[in-house]
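Novice: My questions will all concern the structure given below.
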Amino acid sequence: TRSPVNVTVTGAAGQIGYALLFRIASGQLLGADVPVKLRLLEITPALKAAEGTAMELDDCAFPLLQGIDISDDPNVAFDGTNVALLVGARPRTKGMERGDLLEANGGIFKPQGKAINDHAADDVKILVVGNPANTNALIAQAAAPDVPSERFTAMTRLDHNRALTQLSKKTGVPVSEIKRLTIWGNHSATQYPDIFHATVAGKNAAEVVSDEKWLAEDFIPTVAKRGAAIIEARGASSAASAANAAIDHVHTWVNGTAEGNWTSMAIPSDGSYGVPEGLISSFPVTTKDGTYEIVQGLDVNEFSRARIDASVKELEEEREAVRALGLI
Ligand code: NAX
């Protein structure tokens, strides 16, 4: 039998953690034949709540779950970790400036990056969910010089999934028949969901839709502002859908994209598509055998170029800000 994979989840007592842990333990993250050990990282005041969640995990008697450790020490929680899901973060509160937000998150992601550097397994894969996700990933990566930089990724899969459903509703074609959609840039309101290379039931999506007004004034803002719309409707931010996207992100990274399709992941740029090297920006990627590659050679039209550039500019500003704070 296979040896268990260690999966660390930070912010484990939070609402995404609650929606995520049971799915990991049931085998949906890595596969129905892969045993897992869970490592829950929380801040000290939330340890008791994390223990409560662990009790419920016990009560599910998941056949694949081989153990649960809970800690408030990143050095313990990341010890031997193979998959690290960095969910816990400092949210922006009323009146908080961007600098304060980045600094508060630096206080979380810098020590976590260092702990991953010092204690994680050689094959560790990292997904940052906690916002601002792209820049938090950059901070953690900078603190982990011994970990290959491409292992640090941030989540735009929720945006990708949101875009799939919006396009499905517009065209009446099921999501299973929509391929090659791309989220570019930052996981923020500047993100750019791109349908120009997407296909719906084998036909070019932009041609099928043939409605630039819908694209610019409906589709793009609906996808980009969906997080705010969920908060407005639910009175709490996306949790189950965010957990689902985290599962999708890692599952695809580990198990590969289907032939002829790709996904969206925020990954360190190699300079492709004019995105400055090192920025953690969302790209169209294919995955295979636990590695990913940026899809190359796509034509970027003027409409797309302006939007990609705007989102990338925001990422550059965030990078400058964390550099000025000495976080990277
Ligand atoms: P919650 O506030 O419910 O949970 C966060 C948890 O993190 C809390 O239990 C808190 O105690 C813990 N935490 C704080 N600092 C920590 C530290 N240093 N170490 C370990 N744990 C720590 O938030 P939740 O709704 O679960 O969201 C978590 C993060 O995901 C937020 O930053 C949120 O903005 C972000 N999101 C990212 C999305 C994406 O697509 N990338 C979408 C969903 C979500 O908004």
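Novice: For residue 204, what is the net charge nearby, where nearby means another residue's Cβ is under 15 Å from its Cβ and Lys, Arg count +1, Asp, Glu -1?
Specialist: On the way: positive: 170, 179, 180, 203; negative: 177, 194, 207, 211, 212, 299.
Computed value for this residue: -2.
Novice: Another question, if that's okay. State the Cα centre-to-centre distance between region 35-114 and region 147-206 in whole Å.
Specialist: 28
Novice: In terms of Cα to Cα distance under 23 Å, which lysines are near enough to residue 213, apart from those fewer than 8 places away along the same chain?
Specialist: Correct list for residue 213: 169, 170, 179, 203, 225.
Novice: Within the chain, what's the longest run with no trypsin sites (Lys or Arg not before Pro) in a DSSP loop and at most 11 other beta-carbon atoms within 10 Å? Give the range, please.
Specialist: Details: sites that count: 2, 94.
Between exposed loop sites, the widest span is 95-328.
Novice: Within region 245-328, list the GluC sites (Glu not before Pro) lying in a DSSP loop whose Cβ has at most 15 other Cβ atoms in a 10 Å radius. Can you show the working numbers first?
Specialist: On the way: sites: 259, 277, 293, 302, 314, 316, 317, 318, 320; in loops: 259, 277.
Answer in residue order: 259, 277.
Novice: If you average the sequence gap of Cα pairs under 8 Å that are 6 or more apart and divide by the length of region 77-216, what percent do you get for the contact order? Mind dumping the intermediate values first?
Specialist: On the way: 205 pairs, mean separation 25.9, N = 140.
Relative contact order of region 77-216: 18 percent.
Novice: Just how large is the dipole of the chain about the Cα centre, in debye to the nearest 20, putting +1 at every Lys and Arg Cβ and -1 at every Asp and Glu Cβ? Provide the component values of the computation, followed by the final result.
Specialist: On the way: 30 positive and 41 negative charges, 122 e Å.
Rounded to the nearest 20 debye, it is 580 debye.
Novice: Still on this structure: Whole number in Å², please: accessible area per residue of region 9-159, 1.4 Å probe, ligands, DNA and RNA not counted. Before the final figure, lay out each step's value.
Specialist: Details: 6160 Å² over 151 residues.
Heavy-atom SASA per residue in region 9-159 reads 41 Å².
Novice: Compare the peptides 187-195, 138-146 by average per-residue count of other Cβ atoms within 10 angstrom and give them in order, highest first. Don't skip to the answer; put the middle values down first.
Specialist: Details: 187-195: 23.8, 138-146: 22.0.
Ranked from most to least packed, the peptides come out as 187-195, 138-146.
Novice: With both bridge residues required to lie in the chain, what share of the DSSP beta bridges run antiparallel, to the nearest 5%? Could you put the intermediate results ahead of the total?
Specialist: Working: 19 of 41 bridges.
Beta bridges within the chain, antiparallel portion: roughly 45 percent.
Novice: A further question follows. Would you pull out the residues with amide H under 5 Å of residue 295's amide H, same chain only if 5 or more places away, H placed 1.01 Å from N?
Specialist: Amide H neighbours of residue 295, under 5 Å, 5+ apart: 285, 286.
Novice: Would you kindly compute the Cα radius of gyration of the chain and its largest Cα-Cα separation (Dmax), both in Å?
Specialist: Taking only Cα atoms of the chain, I get Rg and Dmax of 19.1, 55 Å.
Novice: Give me the percent of Cα-Cα pairs in region 116-165 that sit more than 12 Å apart, rounded to a whole number.
Specialist: Numbers: 769 of 1225 pairs.
Summing the P(r) of region 116-165 above 12 Å gives 63 percent of all pairs.
Novice: Kindly state, to the nearest 0.05, the FRET efficiency for residue 22 paired with residue 216, given R0 = 35 Å and r defined as their beta-carbon distance.
Specialist: Working: r = 39 Å, r/R0 = 1.12.
Efficiency at R0 = 35 Å is approximately 0.35.
The values are calculated or read from the model by the stated rules, or taken from the named source; none is laboratory data. Just so it is clear, the structure is predicted and the values come from calculations on it, not from any experiment. Positions of Cβ are backbone-derived with ideal geometry, glycine not excepted, and every protein chain shown enters the neighbour counts. Calculation scope for accessible area: heavy atoms of the full protein, side chains included, ligands and nucleic acids excluded. Shrake-Rupley method; radii C 1.70, N 1.55, O 1.52, S 1.80 Å.
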